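Asks: Sharing a structure here in structure tokens format.
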Amino acid sequence: MTVDAAGAVEIRRALARLRRTTGLPVAFGGLVEAGRPRIRISELSGTATTSLLALAVTSGNGLGGKTVALARPCAVADYSLSRQISHEYDAAVAAEGLRSVLAVPVVVRRRVRGVLYGALRDAQPLGDRTLSAAVDAARDVEQALVVGDEVRDVLVAARAEPGQGDAAAWEQVREAHTALRALASRIGDPALRAELLDACALLTGDAVPAKEVALAPRELDVLACVAAGATNAVAADRMGVGAETVKAYLRSAMRKLGARTRGEAVVAARRAGLLP
């Protein structure tokens with residue numbers, strides 16, 4: 001699964017969640033096209049037609065375009081009659097029979113990366129509860145896109161071949177490895193988590209293990225944090241566990257690696273090809 005495909009999957013799941021938590025009959029959405037100030041509607045949920053599929057919504061135009069331009073949620077109680085938006089997409093909206101519509105931006109690092117829509121086929125205001133649920137769904141997508149950005153950064157760093165003496169780039173690889181392992185531990189989607197861990201594996205280089213060492217995933221997560229200079233408290237925060245749990249993982253990893261100190265454990269893990 002590519003990073004972009006993973007983003008589309010997250011959009012699809014967010015739409016299903018939005019409908020489930022609000023009772024809205026229709027939801028749809030998409031991501032901003034690379035290099036263009038517009039979104040492309042790629043995911044539909046509960047629709048009766050395909051009139052909205054592949055629709056390109058330009059920033060500033062229609063409800064979604066207004067949401068992109070303002071980077072905040074927008075809603076109308078009756079789409080075709082609203083004076084708050086322009087009406088370039090009325091035909092597609094009317095073909096689906098939509099009246100009351102809301103749009104919520106997906107914002108990553110202060111940039112709109114996508115829009116989620118929810119809609120009714122009746123003309124009535126959409127309340128705060130519905131808006132709040134849509135915002136929560138957008139946050140899920142934002143997290144997935146952040147992960148995707150981290151994956152791209154890792155791949156760029158990996159291609160730099162920092163082992164050729166570029167100490168700064170090598171340190172960047174190690175930091176990216178630590179960040180990705182921490183992110184992977186919090187991802188619920190097994191496929192996306194596996195993709196992240198595969199990306200981590202790219203960064204361990206071509207080291208041949210000095211001896212067979214089998215560390216549990218969470219033990220390796222702790223060592224990755226330690227290698228980046230994190231304290232137990234910081235590692236616990238990154239991994240979403242308690243400090244005592246981090247200590248237990250670290251003790252276990254040190255025992256398996258035959259290390260007496262944290263530093264020795266990191267060196268041993270690198271020699272074994274487990275850390276970059």
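The values are calculated or read from the model by the stated rules, or taken from the named source; none is laboratory data. Given the structure is predicted, the values throughout are model-derived calculations rather than measurements. We place every Cβ from the backbone using ideal geometry, glycine too, and count neighbours over all the protein chains shown.
Asks: Quick check on my filter: what residues within region 68-97 are touching a Ser or Thr at 6+ places or on another chain (Cβ under 9 Å) and in a loop (DSSP other than H, G, I, E, B)?
Replies: Matches in region 68-97: P73, A77, D78, H87, E88, E96, G97.
Asks: Now for a separate question. Report yes if some residue within region 205-220 is under 26 Å from V146 (Cα atoms), at pLDDT below 85 and crowded, with 21+ Cβ neighbours inside 10 Å; otherwise report no.
Replies: No, because not a single residue in region 205-220 is under 26 Å from V146 (Cα atoms), at pLDDT below 85 and crowded, with 21+ Cβ neighbours inside 10 Å.
Asks: Looking at this structure, is Q124 at pLDDT below 95, within 30 Å of A182 (Cβ to Cβ) and among the polar types (S, T, N, Q)?
Replies: no
Asks: So, in region 242-276, of the ones that are within 32 Å of the chain's Cα centre (by Cα) and not in a helix (DSSP H, G or I), which residue ends up surrounded by the fewest Cβ atoms within 10 Å (Cβ to Cβ)?
Replies: Among those residues, the one meeting the criterion is G242.
Asks: Right, another one. Of the residues that sit in region 85-133 and are in contact with a strand residue (DSSP E or B) (Cβ under 6 Å, 6 or more places away or on another chain) and polar (S, T, N, Q), which one is nearest to R38 (Cα to Cα)?
Replies: Per the criteria, the residue is S100.
Asks: Related question: Would you mind stating whether I11 is aliphatic (A, V, I, L, M), within 22 Å of the chain's Cα centre (by Cα), assigned by TED's automatic domain parsing to the domain that holds A123 and modelled with pLDDT of 95 or more?
Replies: no
Asks: Looking at region 14-64, which of the residues that are touching a helix residue (DSSP H, G or I) at 6+ places or on another chain (Cβ under 6 Å) and of a type in the set (D, E, K, R) is nearest to V112 (Cα to Cα)?
Replies: Among those residues, the one meeting the criterion is E43.
Asks: Now for a different question. Can you name the residue in region 15-67 that is of a type in the set (A, V, I, L, M, F, W, C) and assigned to a helix (DSSP H, G or I) and, of all such residues, is modelled with the highest pLDDT?
Replies: Among those that are of a type in the set (A, V, I, L, M, F, W, C) and assigned to a helix (DSSP H, G or I), it is L63.
Asks: If you take the residues of region 180-194 that are assigned to a helix (DSSP H, G or I) and modelled with pLDDT under 70, which of them is surrounded by the fewest Cβ atoms within 10 Å (Cβ to Cβ)?
Replies: A191
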